[in-house]
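The values are calculated or read from the model by the stated rules, or taken from the named source; none is laboratory data. Note that this is a predicted model, so its numbers are computed, not measured. All Cβ positions, glycine included, derive from the backbone under ideal geometry; neighbour counts span all protein chains shown.
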Amino acid sequence: MSKKKGDSKFLDSVNQMYDRAVALLDLPPGLPEQIRSCNSIYEVRFPVKIGDGYKVFRGWRACHSEHKLPVKGGIRFALEVNQEEVEALAALMSYKCAVVDVPFGGSKGGLCIDPKEYTRDELQRITSRFARELANRDYVSPSLNVPAPDMGTGAREMAWIADTYRTLHPDDIDAAACVTGKPVPMGGIQGRVEATGRGVQYGLQEFFRHEEDVADAGLSGSLEGKRIVVQGFGNVGYHAAKFLEEEDGAKIVAIVERDGALQNDAGLSVERVSEYMRETGSVKGFPDATYVADGRPVLEVDCDVLVPAALESQITSENAGRIQARVVAEAANGPVTFEADQILRAAGKIIIPDLYLNAGGVTVSYFEWIKNLSHMRFGRMERRMQETRTQQALALLKSVTKAQIPEPLERSMQREMDELNLVRSGLEDTMREAYQHIRLVWRERDDVPDLRTAAYLSAIEKIAHYYTEYAVG
Ligand code: GLU
């Protein structure tokens, strides 16, 4: 992190971005403060027996806005986790859910831990103990608070949390809905692992459908051939880069990781970099690229789109002025500080903001939660019927017209209505609709200078509407 003295910390950045937007709305006195503030935060310390002794762990779960229940948001396992970070992330969850019309409030959890220091068995005991502490106070519950994966956690941890909850509440028929991002055989949903990266892809695709927005960035055309730099090659960065390269024909010209960066102007093969990292644990030494030990300056190389998909506060007032990308696509939460945001904006960059662009994860979490509550996988009732209908329609068309149906059209018509395709369709629709909405706010209101303010404005309006219309207090 290259935080310049004077740059706002993560929570302050989120709050200032909020303040900038809420000032454009005419809300009843007190409501802006109520929506901005974190409703509650639970801090816990608990011991776990490791080897011959005990280790005490410290964690948090914040509920930012409970205007809709359950509240929703991931659990992060990282050494740097702290209360303010968890509060900032919880606030972003409230706004994110509102932007994409997912009916949840915002929450987030964090545990101070370096998962790499522990065995699988130890991690299971630590996670289960943390889950028990949270579940005992309703901070894990299908109807009140539903965690999900975040940095340092994945399907395995979610399975342990679900198992702990089920043990505590054996009579809860909806127990599986207490957490999302579970393995598919444990009630998870197809497409959840890659959902945030997919959402980033769909969000960028939609941006490039709007010529006026693309022109404002000083670009033209589609994603095809666009030069993209990705920072962070975790779940989100890897999937976003993979889909953009393999399906949209973009060129991933650099991947910036903790241990250095890879650069190749002709474009990197994301899958090969990923295989190499799985084998060696590092990007260093990857054959078809130039390796740069200090990755930070690589964020500043000439490219069309910069995708920060790592930690918060990566673009600060220290490096913002040197960013050459025309579009900054915030796949991470809070990668740009409040001050950097202003510098980028003044330089005419287009920022596709986090509270919109990385909402794919929670969107598919919503589908998973609904699936758990309905106790049936999507498509189970209608898939065969739809398949038969399509076959009949195709046969009829062929016999009546005697014409050859173009192969891509036939393939698309025969696409199965299975769970994965339904999830993709729902996610794509969500990302497209949400972009269209926020861009309209941006374009139609003279006092809204950018997409971030538009997204905040849209989120705050929806949450405020809920308070003023339905909340009793
Ligand atoms: N941790 C993810 C996020 O920051 C997903 C949250 C969820 O699915 O609840 O959006």
Item checked: Counted residues, the range 355-414 - those being in contact with a Leu (Cβ under 6 Å, 6 or more places away or on another chain) and at pLDDT below 85 -> 0
Margin query: Would you confirm, using the coordinates I've provided, whether Arg322 is touching a helix residue (DSSP H, G or I) at 6+ places or on another chain (Cβ under 9 Å) and basic (Lys, Arg)?
Written below: yes
Check: Can you name the residue in the range 128-142 that is in contact (Cβ under 8 Å) with a residue 40 or more places away in the chain and part of a helix (DSSP H, G or I) and is also farthest from the ligand (Cβ to nearest atom) among such residues?
Finding: Arg129
Check: Is it fair to say Gln314 is of a type in the set (S, T, N, Q), over 27 Å from Val423 (Cα atoms) and without any contact (Cβ under 8 Å) to a residue 24 or more places away in the chain?
Finding: no
Check: So which of Lys108, Lys72, Lys68 ends up being within 23 Å of the chain's Cα centre (by Cα), of a type in the set (D, E, K, R), surrounded by fewer than 24 Cβ atoms within 10 Å (Cβ to Cβ) and within 16 Å of the ligand (Cβ to nearest atom)?
Finding: Lys68
Notebook entry, point to check: So, of the residues in the range 337-385 that are within 16 Å of the ligand (Cβ to nearest atom) and among the β-branched types (Val, Ile, Thr), which turns out to be farthest from Pro149 (Cα to Cα)?
Noted result: Ile352
Check: Can you name every residue in the range 449-473 that is β-branched (Val, Ile, Thr) and either free of Cβ contacts under 8 Å to residues at least 24 places away in the same chain or buried (at least 20 other Cβ atoms within 10 Å of the Cβ) (or both)?
Finding: Thr453, Ile460, Ile463, Val472
Next item on the list: Search the range 23-39 for residues that are in contact (Cβ under 8 Å) with a residue 12 or more places away in the chain and of a type outside the set (A, V, I, L, M, F, W, C) and pair each with any residue that is surrounded by 13 or more Cβ atoms within 10 Å (Cβ to Cβ) and assigned to a loop (DSSP other than H, G, I, E, B) when their beta-carbon atoms are under 6 Å apart and the residues are at least 6 apart or on different chains.
Entry: Asn39/Glu66
Check: Which residues, taken from the range 75-91, are buried (at least 19 other Cβ atoms within 10 Å of the Cβ) and in contact with a strand residue (DSSP E or B) (Cβ under 7 Å, 6 or more places away or on another chain)?
Finding: Ile75, Arg76, Phe77, Val81, Glu85, Val86, Glu87, Leu89, Ala90, Ala91
Note to self: Restricting to the range 155-166, name every residue that is surrounded by fewer than 23 Cβ atoms within 10 Å (Cβ to Cβ) and either within 14 Å of the ligand (Cβ to nearest atom) or within 18 Å of the chain's Cα centre (by Cα) (or both).
What the structure shows: Ala155
Checklist line | Residues of the range 392-414 satisfying the condition of being surrounded by fewer than 13 Cβ atoms within 10 Å (Cβ to Cβ) and either of a type in the set (D, E, K, R) or in contact (Cβ under 8 Å) with a residue 12 or more places away in the chain (or both) | finding: Ala393, Lys402, Glu407, Arg411, Gln414
Checklist line | Extreme residue, surrounded by the most Cβ atoms within 10 Å (Cβ to Cβ), among residues of the range 36-52 that are in contact with a Phe, Trp or Tyr (Cβ under 7 Å, 6 or more places away or on another chain) and either closer than 17 Å to Thr468 by Cβ or acidic (Asp, Glu) (or both) | finding: Arg36
Note to self: Take Met417 and tell me if it is surrounded by 16 or more Cβ atoms within 10 Å (Cβ to Cβ), part of a helix (DSSP H, G or I) and either away from the ligand (no atom under 16 Å from the Cβ) or under 25 Å from the mean Cα position of the chain (by Cα) (or both).
What the structure shows: no
Notebook entry, point to check: Condition test on Phe367, is it among the hydrophobic types (A, V, I, L, M, F, W, C), touching a residue at least 40 places away in the same chain (Cβ under 8 Å) and not in a helix (DSSP H, G or I)?
Noted result: no
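Let's see how each residue does on (1) closer than 19 Å to Arg120 by Cβ; (2) within 15 Å of the ligand (Cβ to nearest atom):
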| residue | (1), (2) |
| --- | --- |
| Leu144 | no, yes |
| Pro149 | yes, yes |
| Thr153 | yes, yes |
| His169 | no, no |
| Asp174 | no, no |
| Cys178 | no, yes |
| Gly197 | no, yes |
| Glu206 | no, no |
| Asp213 | no, no |
Check: Looking at Glu122, is it over 22 Å from Leu357 (Cα atoms), in a loop (DSSP other than H, G, I, E, B) and at pLDDT 95 or above?
Finding: no
Next item on the list: From Ala240, Ala250, grab the single residue that is of a type outside the set (Ser, Thr, Tyr), surrounded by 23 or more Cβ atoms within 10 Å (Cβ to Cβ) and closer than 25 Å to Pro149 by Cα.
Entry: Ala240
